[in-house]
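Any read-out appearing in this document is the output of simple, stated calculations on the displayed coordinates, not a laboratory observation. Just so it is clear, the structure is predicted and the values come from calculations on it, not from any experiment. Virtual Cβ from ideal backbone geometry, glycine too; neighbours counted across all protein chains shown.
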Amino acid sequence: MKTPNLPAIRALRTAWNKGRIVGQKLPLKPKHVWAIRVRLELAENHRDLALFNMAIDSKLRGCDLVRMKVVDVMASGQIKARASVLQSKTQKPVRFEISEGTRASVATWMKDPLMVGSEFLWPGRFHERLHIPTRQYARIVRDWVSSIGLEVTAYGTHSMRRKRCASPTLTA
């Protein structure tokens, strides 16, 4: 059996990263954070606002953020001022402060009918209500970035971790 000429096949394919920005993504600036926050508040998108605020406050990796459980942030019917999450990469606990605005947005999200009986803070639609996939979180971040007119290839989920911005406030 004759094997195909591999260098000739590779020459026909373009590189997966051709034309893409690879490497470290840009951090979100405070004006970008506020622009996204205002758009989410005006759209009354409670889940995305709570997710965005929690991503900024916690500076967790996307995989750890989407796996957060309700018990991580809520005790006795109140949103905690500080939370602790075990990182999946390092297996070390990370403590972070949840700002007042984030607590308000998470409390609003917790009242949503989609949250009834959910173990995870960001429940998905499939597989007996597991959390949203990390890839879905990346698509949500891409939508946030494009909504304020930024180049989506220059920003990613890690952009939320890169810089601690001003604490959020809610108008409603």
Point-to-point label distance, Thr108-Ala15, nm (Cα→Cβ direction, 7 Å offset) | 4.4 nm
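In the chain, once you exclude exposed GluC sites (Glu not before Pro) (DSSP loop, at most 16 other Cβ within 10 angstrom), what's the longest stretch remaining?
On the way: sites that count: Glu44, Glu119, Glu128, Glu151.
My reading of the result: 45-118 is the longest stretch.
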Setting aside same-chain residues fewer than 8 positions from Lys18, which aspartates and glutamates have a Cα under 19 Å from its Cα?
-> Glu151
With each pseudo-label sitting 7 Å past Cα toward Cβ, what's the Val38-Arg125 distance in nm, one decimal?
-> 3.1 nm
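Say the cut-off is 22 Å between C-alpha atoms; which of Lys31/Lys89; Lys59/Lys89; Lys29/Lys92; Lys31/Lys59; Lys80/Lys111; Lys25/Lys92 go over it? Intermediate results must be reported in sequence, preceding the final value.
Details: Lys31/Lys89 30 Å; Lys59/Lys89 14 Å; Lys29/Lys92 28 Å; Lys31/Lys59 18 Å; Lys80/Lys111 16 Å; Lys25/Lys92 25 Å.
Listed pairs above 22 Å: Lys31/Lys89; Lys29/Lys92; Lys25/Lys92.
Using helices alone, what [θ] at 222 nm do you get for the chain, with -39,500 (n - 2.57) per DSSP H run of 4 or more residues, divided over all residues and rounded to the nearest 500?
Details: 7 runs with 67 residues, N = 172.
So the helix-based figure for the chain works out to -11500 deg cm²/dmol.
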In degrees, nearest 10, the alpha-carbon axis of helix 46-58 is tilted away from the dominant principal axis of the alpha carbons of the chain by 80 degrees
Counting every C-alpha pair in region 69-148, the percent lying more than 22 Å apart is 35 percent
Pair Cys63, Ser76: separation of 7 Å Cα→Cβ label points (nm) = 3.6 nm
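Let me spell out the model: positive unit charges on the Cβ of Lys and Arg, negative unit charges on the Cβ of Asp and Glu, origin at the Cα centre of the chain. What dipole size does that give, in debye rounded to 20?
On the way: 31 positive and 13 negative charges, 195 e Å.
It works out to roughly 940 debye.
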State the dimensionless ratio Rg/Rh of region 25-160 (Rg: radius of gyration of Cα atoms; Rh: Kirkwood radius).
-> 0.94
Exposure-ranked with fewest Cβ neighbours within 10 Å first, Val145, Val71, Val94, Val106 stand as Val71, Val94, Val145, Val106
Karplus 3J(HN,Hα) series, Hz, for region 115-120 with 6.51 cos²θ - 1.76 cosθ + 1.60 (x for Gly, Pro) = 8, 4, x, 8, 7, 8
